[in-house]
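Only the coordinates and a few stated rules stand behind these numbers; no lab work does. Keep in mind that what you see is a predicted model, and the values were worked out from it rather than measured. Note that each Cβ is placed from the backbone with ideal geometry, even for glycine, and that neighbours are counted across all protein chains shown.
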């Protein structure tokens, strides 16, 4: 969250993906940095136990959302 | 209640109401606190001869600059005596040093606490306990200095449980975790002297720490150290966890370890702290077979894996030996670090 917000504030489009157990922490971090509307993408928790293939499938499912955030569409 | 800059002020009619208001304002660790009146906070700052506006350190990731006044207010909340404030200030400054990387251990799912180790004359002047019930209850200085540091974390550094502190389990040391070394009761070099200070100086060492694991081996020195090394080599500590950070060549995190050794120092008359560290460093390790069984390393166990070992601490200097604990027995404890040294390193600062 911290890095995504700072990259965005530096003028580079960023997309941050966060698991849904961390929604309050992510929102709190965005507020702390004056970026309450920062568009965070949330995905189901957890991801640490996923196999490489499962993680790839998860990423493919989020790709369209990432593109939308990066292009502001 | 009114908001002035980033300081919240409140009014109350009696002490019980004040304690309840402190709960409502989210200023406590779950236990009752001493209301931090402006007069009491000023008394603490006066006793330490410090200006309340002085910056103790910064936590840039959370946009926080920590003043002496904030630290003093949390020392009052914790139940400290005014003369404890310099220790809390030094510990806070150490915790905010870049190499401690506070944002890591204070937010991580790993659930670390900040262990505070006090050395030098101040430990004796303030009666900071280094003996019986080392990590237990019963001593005001230990209980409240450690608690003050936790309240600084929660109230000034935003390490609020469930919000920016995402500990999955945590441990009781997160309420308070402060000890002294019995450095005048041993021939061993005090921890702060090993870390660059003079014996007549007082210093505080902070360490991002898992809970203490008691070691009940009480035989000859080699037997005690053999048991300590076995405990420090456990699977499931941060040190034996798969290494997404740290030295990639090792495949595990490695890290620092605090070892406390109690009892009568005479048992160790033929040993220096360096000897203890060398003995332990050679034995704090785990076989590749075990690391594979625990899925720390990938792949099936292969012939030879039982005899291939991976060290869990990179160097003898990563073992911090502290002479502390009751005189009744030569028991000891092992405290693994929260993570690898690149994630957080023990920091020592002078108490002034």
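Key figures for this structure:
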| item | result |
| --- | --- |
| Antiparallel DSSP beta bridges within the protein assembly as shown, as percent of all bridges there, nearest 5 | 70 |
| Listed peptides B:335-343, B:262-270 by packing density, highest first (mean Cβ within 10 Å) | B:335-343, B:262-270 |
| Relative contact order (%) - criterion: Cα under 8 Å, at least six apart; region: the stretch B:221-333 | 36 |
| Gyration tensor (alpha-carbon) shape descriptor, the stretch B:213-336, a/c threshold 1.5 | prolate |
| Between 0 and 90°, nearest 10: helix A:23-32 axis offset from chain A longest Cα axis | 20 |
| Cα gyration tensor shape for the stretch A:2-71, rounded if a/c is under 1.5, else prolate or oblate | oblate |
| Whole-angstrom gap from the stretch A:1-18 to the stretch B:258-278, using each part's C-alpha centre | 50 |
| Other protein chain Cβ atoms within 10 Å, averaged over every residue that makes up B:157-166 | 2 |
| Ranked A:45, B:171, criterion: other C-beta atoms within 10 Å, fewest first | A:45, B:171 |
| Relative packing of peptides B:94-102, B:299-307 - highest average C-beta neighbours within 10 Å first | B:94-102, B:299-307 |
| Most mobile listed residue (B:176, B:144, B:37) in chain B, GNM with C-alpha springs under 10 Å | B:37 |
| Antiparallel bridge percentage (DSSP; both residues within chain B; nearest 5) | 80 |
| The protein assembly as shown shape via C-alpha gyration tensor axes, a/c threshold 1.5 | oblate |
| DSSP bridge pairs, the stretch B:213-336: antiparallel proportion in percent, nearest 5 | 70 |
| On Cα atoms only, tilt of B:38-48 relative to the major axis of chain B in degrees | 50 |
| Normalised contact order of chain B, rounded percent, pairs of Cα under 8 Å and 6 or more residues apart | 20 |
| Spatial separation of Cα centroids for the stretch B:95-111 and the stretch B:286-347, in angstrom | 20 |
| Helical contribution to [θ] at 222 nm, DSSP H n ≥ 4, -39,500 (n - 2.57), averaged over chain B, rounded to 500 | -7500 deg cm²/dmol |
| Peptide A:58-65, shielding by other chains (average Cβ, 10 Å cutoff) | 0 |
| Chain B: angle of helix B:15-24 to the longest principal axis, Cα-based, in degrees nearest 10 | 60 |
| Residue mean of other protein chain beta carbons inside 10 Å, B:61-68 | 2 |
| Among B:120-126, B:251-257, the order from most to least packed when residues are scored by Cβ within 10 Å on average | B:251-257, B:120-126 |
